[in-house]
Amino acid sequence: MKIFSWDRTKAILFKEFKHIWRDPFTLMMALLLPLLIVLILGSSIEFNIKSIDMAFVDNDKTMASRKLVETFASSNYFQPYQIDNPDKLFDEIVAGRARVGLAVPGGFEKDMLGNNAGSVQVLVDGTESSTMSAVSNYLNTININSYYKIQDVPINHNAGVLRYKIRYMFNPELNSRWFAVPGLAAVIIALVAIMLTTLTICREWERGSMEMLLSTPATRLDIILGKVVPYAIISFVGFVLVFAIARFVFGVPFVGSYWQLVFGTWLFILAYLAIGLFISVSTKKQEVAIQYAAIVGLLPTVILSGFVFPIEYMTRGYRIVSAMFPARFYMDITRDQFLKGSLFADIWWLYAILGLQALIILIICVAKFKRSLE
């Protein structure tokens, strides 16, 4: 008997497609779930912190103090509101009504116009590191702008002051959605591919149809390919939907090569389909398989792929662990092709590692499938 037969594989493949078409839950997970995830997370994820609640006390009540507060408000980073009692500034932060407190002392305008320098007190809620770092960065800009505004001179008045002309490459607007939405493609593909494939073999075992399938002339390779190909196609359709939403709903630019992105996507899909199939073959129980899929597939895809936390800032041990998951390398490919557009010769090693991972997992999956049937 041939190890592989296209006719046998095609029969299993069409059978799986018919099952998917008759199962509304599978279709919903494969097509509707990616749309909901990218729309919800793409709209809600925002790494640029804005509209920070700021309580302020103006003990000077002069034109200079008002211009200072106006500079905070016009930056769109802060939403200042005034309180009358200076003793309640700390209470506002403790109660969570404000993340930042600003206290302008009496004589502020006199110091600014006379000594060319003034001081104010800024209280920052230290329980959120993201807010602390954002406020620190914003204060540098507001400090300069407020100085020129209070002195009523043009921003470029003092030519002797050293200034930096910063250009942000690949994302000049520092739009966090340009960074987050391409990364969501990896999370969504991993979720759809691993969850759907994990259930396919388990479902055959629990329903008792695996014995009937094994009684046919189909080989193990025929069965695996027949099971994997339909979900690979559905996963790629989900990726196309995510790509369309990223481009036309969120306006994420695409400057790379379509064939490079498609090639990397197929390698990533095959890798996660193989992971899902391996879990399915190993557990044979749908409930257990779903739990393993979440632990092995979903959590590392979100935490150890660079989607949330940059890989280069992780400890050496976590960087090594992250390299074991295909999402780590596909995340670099998809973000690169969306925003940077590197040539294949520059990032070929990402594709090589991704393809090698997919091949190794498939080989292990076939071997495990063989042993589980004996």
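The values are calculated or read from the model by the stated rules, or taken from the named source; none is laboratory data. Predicted model only: the values in this text are computed from it and were never measured. Cβ placement follows ideal geometry from the backbone for every residue including glycine, while neighbour counts extend to all protein chains displayed. Only protein heavy atoms, including side chains, enter the accessible area calculation; ligands, DNA and RNA are left aside. Shrake-Rupley method; radii C 1.70, N 1.55, O 1.52, S 1.80 Å.
Figures for the structure shown
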quantity: Which numbered condition residue 182 fails, given (1) more than 30 Å from residue 329 (Cα to Cα); (2) modelled with pLDDT of 75 or more; calculated: (1)
quantity: Residue match in the stretch 143-162 (condition: modelled with pLDDT under 75, open to solvent by less than 60 Å² (accessible area, probe 1.4 Å) and part of a helix (DSSP H, G or I)); calculated: yes
quantity: Tally, over the stretch 316-334, of residues that are over 11 Å from residue 306 (Cβ atoms) and in contact with a Ser or Thr (Cβ under 7 Å, 6 or more places away or on another chain); calculated: 0
quantity: Some residue of the stretch 258-276 being modelled with pLDDT of 90 or more and farther than 26 Å from residue 197 by Cα; calculated: yes
quantity: Of all residues in the stretch 49-67 being outside any strand (DSSP E or B) and over 18 Å from residue 148 (Cβ atoms), the one that is most open to solvent (accessible area, probe 1.4 Å); calculated: 61
quantity: Residue satisfying condition, being in a helix (DSSP H, G or I), touching a Ser or Thr at 6+ places or on another chain (Cβ under 7 Å) and of a type in the set (S, T, N, Q), within set 357, 337, 291; calculated: 337
quantity: Residue that is nearest to residue 365 (Cα to Cα), among those in the stretch 194-212 that are at pLDDT below 75 and among the β-branched types (Val, Ile, Thr); calculated: 201
quantity: Looking only at the stretch 68-112, and only at residues there that are within 19 Å of residue 137 (Cβ to Cβ) and in a strand (DSSP E or B), the one that is most open to solvent (accessible area, probe 1.4 Å); calculated: 79
quantity: Any hit, the stretch 244-251, residues being more than 15 Å from the chain's Cα centre (by Cα), of a type in the set (Lys, Arg) and at pLDDT 90 or above; calculated: yes
quantity: Boolean, residue 279 is surrounded by fewer than 18 Cβ atoms within 10 Å (Cβ to Cβ), part of a helix (DSSP H, G or I), out of contact with any Leu (no Cβ under 6 Å at 6 or more places or on another chain) and in contact (Cβ under 8 Å) with a residue 24 or more places away in the chain; calculated: no
quantity: Residues satisfying the stated conditions in the stretch 313-334, i.e. assigned to a helix (DSSP H, G or I), of a type outside the set (Val, Ile, Thr) and surrounded by 14 or more Cβ atoms within 10 Å (Cβ to Cβ); calculated: 318, 319, 322, 327, 328, 329, 330, 331, 332
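Yes/no matrix, rows are residues, columns are (1) touching a Cys at 6+ places or on another chain (Cβ under 9 Å); (2) open to solvent by less than 40 Å² (accessible area, probe 1.4 Å); (3) in a helix (DSSP H, G or I):
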{"site": "205", "(1), (2), (3)": "no, no, yes"}
{"site": "213", "(1), (2), (3)": "no, yes, yes"}
{"site": "216", "(1), (2), (3)": "no, no, no"}
{"site": "230", "(1), (2), (3)": "no, yes, yes"}
{"site": "233", "(1), (2), (3)": "no, no, yes"}
{"site": "238", "(1), (2), (3)": "no, yes, yes"}
{"site": "242", "(1), (2), (3)": "no, yes, yes"}
{"site": "256", "(1), (2), (3)": "no, yes, no"}
{"site": "261", "(1), (2), (3)": "no, yes, yes"}
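Matching residues to (1) under 30 Å from residue 200 (Cβ atoms); (2) surrounded by fewer than 14 Cβ atoms within 10 Å (Cβ to Cβ); (3) at pLDDT 85 or above; (4) among the basic types (Lys, Arg):
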{"site": "301", "(1), (2), (3), (4)": "yes, no, no, no"}
{"site": "307", "(1), (2), (3), (4)": "yes, no, no, no"}
{"site": "311", "(1), (2), (3), (4)": "no, no, no, no"}
{"site": "357", "(1), (2), (3), (4)": "yes, no, yes, no"}
{"site": "361", "(1), (2), (3), (4)": "yes, no, yes, no"}
{"site": "371", "(1), (2), (3), (4)": "yes, yes, no, yes"}
